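Written out below as structure tokens is the structure these notes cover.
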Amino acid sequence: MASGMQEKQYTPSLLSFFIYNPKFGPREGEEEKKILFYHPIEIEKNEKIRNVGLCEAIVQFTRTFSPTNPAKSLHTQKNRQFFHEAEENYWMVMVVRNPMVEKPNKDGKPPTVEYQEEEIIVSNLFNGTFSRAFEAGGVELLTQKLEKFFYRYLQTLHLQSCDLLDVFGGISFFPLDKMTYLKIQSFVNRVEESLSLVKYTAFLYNDQLIWSGLEQDDMRILYKYLTTSLFPRHSEPELAGRDSPLRPEVAGNLLHYGRFLTGPANLKDPDAKFRFPRIFVNTEDSYEELHLIVYKAMTAAVCFMVNAAVDLNREFCEQLDSLVGPQLTLLASDICEQFNINRRISGPEKEPQFKFIYFNHMNLAEKSTIHMRKTASVSLTSVHPDLMKILGDINCDFARVNEDEEIIVKAMTDYWVVGKKSDQRELYVILNQKNANLIEVNEEVKRLCATQFNNIFFLD
Amino acid sequence: MESHRDPLCDINRTSRRLVIFHLLWPRRTSVDALGLAYMNEEIMSESWRQHRKHVFVLSEAGKPIYSRYGNEEALSSTMGVMMALVSFVQAGGNMIQSIFSDEHTVVFLQKGPLVFVSVSATRQSEQQLRRELLHVYHQIVSMLTQASINRIFERRKNFDLRRLLFGSEKVLDGLLDVMDSDPSFMLSAVQCLPLPSSSRDALSHILQKAITPDLVFSFLIANNRLVSVVQEKTVLEDARLKPSDLHLLFNLIRASAFQAGEIWMPICLPLFNHDCYFYAYVAYLDPPECTVCLVLLSTDKEAFYAVAECKRKIEEAFASQNALQWVANTQLYYVDDISVANLRHFLYKPSKVLDHHRHPEMEVGYRSQEERIRLLDPYRNMHNRIHSTSRPLKLIYHSAGKETLLAWVTSKFEMFACFTPLVTKKSAISELTKLLRWIKKEEDRLFICHLPKYSTAPQPGRSSTDRGSSARPNTSDTGLLSLL
């Protein structure tokens, strides 16, 4: 065809997302009852029913061959559907459009990325188990809750920027010296003692975790929520100028910079209503419902979790504010000072010598020198996306066996990618050394491990 | 121009010794017994579920045609579901490709009126599984021709293709088994028997001399490896004989499980020309061991006696030169020959484009058959990664618990190697270099480097292009009509 025609490039994007439970509408004519949530809402009812029907059929079909491990995803030419049985009989399905390059006469470049399925698990944090909610208020309540939650959550999904870090779902830890760490520890202890209602605490600085009293899996989800939803929503006011109208909350309080991110926006206003979001943790065994209080001062944020049965009133908030505010402000500036001192010692930030990603499955710690900026909507990496996908491939290969392995790969562009898995830790290094051979690459990686990962990875 | 042969007509027109393949009832061997056991296996039972790879073939109307395990008739409702899934997605202007679950990958392929489904726990990639399904399709085409299949279903959507494939389940079973155990399919190559080039040339010479009009190819195969191939000069100027077609041919021969005597059967080579039959004369030159097989392909259905005469000439020449000894004496190399202590196994395929795209491959292993089959899994995984359409690679070095694996693709060759798990990178590289040097030295002996040609009576033929999609109506009025 004419070469003047433009190539349109489509990135992967969310086509639809729905939740259904086949038990709710088992008979003919009742199919609509199965659907608990469907996005986009504009889709015609019959089509919704058909789509749900297809999912059910596919799951049933795969059960023929493996009753306990039914389908996880369906690939068609134009899109991919992912199935996740969140709980027994509650199915979540996400339909994503394949990335394609549309040329004048033909389209459909093969989908280039093995998607990491989105962390739909986050929803469990906020909705508890569906069956509980169902018992509580029947189907209508459940559908309402789902609608409210997912409507907002889906907006935070940005599929085109997902990569290996999302697969790990790790937590970025903030590196601290011993003294400051101890100060934070004692602060947390003091607060927990004074405010006996507080069950769990988590301390973050600069979007990175320092300390948490929650179970790892719960913390992982909470961390994701904080960094992708809550913090971004509230970051603007702080960055605004002193006289900006966006800063009403901080006005009037000269003692400290603390404020509530969840709960009362302005303590001075006695009539303002507020409530804290509720979260559900330990859903596997003890199943607790908690209020989530997030309190922030400058770049330090503390999460307090209180049993949901307790009614948190204004008095409590004021108490918390006066107790925590000043201390947190002090701490925040302490940490900042320490951080600056350390940076001065280690030298100005330059292009990191080694490009790598490190993840430790045991404590969920992640570290990346490849990502210059990673938020929910943007993933700025200093390497080509194809290389990131190669990392994903290696990760897939590692996941097949539970042994320590090493995979070294030379890409078509002559970049070398080295993946090492040892004892629950994974390290991926990207080297741009076009004329190196295998032995030389090996030596380079040895050097990296010696400096940054002493004694962690076995090498030959 | 009678380019479309109805196989049903062929049955009526057979000569006494013509054996149409789908009427051939092979002799019982132990493989057959197992095949029967699978046919009667109870579907949905635990053992049925646990097979590593199921393959189903059905028609667009949802009618069952073939199932690797279990009786396909009993599976008709499951096949109906498969067809329903395909149609449902199709109705939305889309095409179903695959379904993934933790343990299985389900891959769909539709070719014309036939639908192929693979349910596999082997962790192969979608592309690899789809290629296997394509081979199954081609094997069916090799027995019926694509034109016939399309025509039959055009007339009757509900046609039960099993009527025409009666007795040939063993062919498909055999193909699936060999695909799971032979790396030739993964590499798209054919294994050659190592022979000093002088011996090979002498053998080719014998084949070249024993020709008759309309004879197009002559093959000599020993122990499932190619010894020699010669082809008619003019017919194949711009056409190619693909390794895939050769595999189908070998499989048909294997599955027919005959020993003494000779076979004359129609065979379509799908990648060469998917609408026409060749006629293959097959005989073993060394009964009763039956390791050396002669295959002569002709385009003339009635040429049985002429071709049999060629075989006689070849036999005579072999006897006078004691040629069978050369084949018997050939040493299959083993890794120990090359003195590389850590190397356990390798696959090597040169990418030189030879005269007619013969793709030889060599494989070496001192390990048992089971080990070699087990190695196929990681080899296939690396092959998939290194030849990825979106992010291909040049080299993979994978150090794992059981062994260290290497995959390497250059413009000159493609190679997969397996070392002991504790080998250091230095040793691996040095042994690899030794190996490559050895291969280079022995190249003449290991691979078929060129394809000798002959010409039959002068016939200015036009070759057919495979994939007749750009079908120029080639109505050449020579005896090569049947190839168009």
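The values are calculated or read from the model by the stated rules, or taken from the named source; none is laboratory data. A quick note: this is a predicted structure, and the numbers were derived from the prediction, not measured. Here the Cβ is made from the backbone with ideal geometry for all residues, glycine too, and neighbour counts use every protein chain on show.
Listed values, structure above:
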quantity: Qualifying residue in the range B:361-369 (condition: under 25 Å from B:Ser199 (Cα atoms), at pLDDT below 90 and in contact with a Cys (Cβ under 8 Å, 6 or more places away or on another chain)); calculated: yes
quantity: Some residue of the range B:166-180 being more than 10 Å from every other protein chain (Cβ to nearest Cβ) and farther than 30 Å from B:Arg372 by Cβ; calculated: yes
quantity: Cross-chain or 6+ apart pairs with Cβ under 7 Å, the range A:322-344 first and closer than 12 Å to A:Val191 by Cβ, then modelled with pLDDT of 85 or more and surrounded by fewer than 16 Cβ atoms within 10 Å (Cβ to Cβ); calculated: A:Leu323/A:Ser194
quantity: Strands (runs of 3 or more DSSP E) fully within the range A:19-91 counting 2 or more residues that are away from chain B (no Cβ under 13 Å); calculated: A:35-39, A:79-87
quantity: Every residue from the range B:61-99 that is touching a Leu at 6+ places or on another chain (Cβ under 8 Å), at the interface with chain A (Cβ under 9 Å from one of its Cβ atoms) and of a type outside the set (Ser, Thr, Tyr); calculated: B:Met82, B:Leu85, B:Phe88, B:Val89, B:Ile96, B:Ile99
quantity: Qualifying residues in the range A:399-424 (those that are among the hydrophobic types (A, V, I, L, M, F, W, C) and touching a strand residue (DSSP E or B) at 6+ places or on another chain (Cβ under 7 Å)) - the one nearest to A:Met388 (Cα to Cα); calculated: A:Val417
quantity: Among the residues listed as B:Arg200, B:Arg225, the single one being surrounded by 19 or more Cβ atoms within 10 Å (Cβ to Cβ) and at pLDDT 85 or above; calculated: B:Arg200
quantity: Single residue of B:Val117, B:Val136, B:Val141 found to be in a strand (DSSP E or B), surrounded by 21 or more Cβ atoms within 10 Å (Cβ to Cβ) and assigned by TED's automatic domain parsing to the domain that holds B:Leu164; calculated: B:Val117
quantity: Answer residue from the range B:278-292, given it is under 17 Å from B:Phe219 (Cα atoms) and assigned to a loop (DSSP other than H, G, I, E, B) and is modelled with the highest pLDDT among those; calculated: B:Leu285
quantity: Residue in the range A:389-412 that is in contact with a Gly (Cβ under 9 Å, 6 or more places away or on another chain), assigned to a strand (DSSP E or B), surrounded by 17 or more Cβ atoms within 10 Å (Cβ to Cβ) and more than 13 Å from chain B (Cβ to nearest Cβ) present; calculated: no
quantity: Hits in the range A:181-196 - residues which are modelled with pLDDT under 85 and crowded, with 17+ Cβ neighbours inside 10 Å; calculated: A:Leu195
quantity: Of all residues making up the range A:396-412, the number that are over 25 Å from B:Thr424 (Cβ atoms) and modelled with pLDDT under 85; calculated: 2
quantity: Count - residues of the range B:49-74 that are in a loop (DSSP other than H, G, I, E, B) and among the basic types (Lys, Arg); calculated: 3
quantity: Extreme residue, nearest to the other protein chains (Cβ to nearest Cβ), among residues of the range B:100-114 that are assigned to a strand (DSSP E or B) and at pLDDT 90 or above; calculated: B:Val106
quantity: Search result, residues across the range B:178-190 that are touching a Ser or Thr at 6+ places or on another chain (Cβ under 9 Å) and surrounded by fewer than 22 Cβ atoms within 10 Å (Cβ to Cβ); calculated: B:Val178, B:Asp180, B:Phe185, B:Ser188
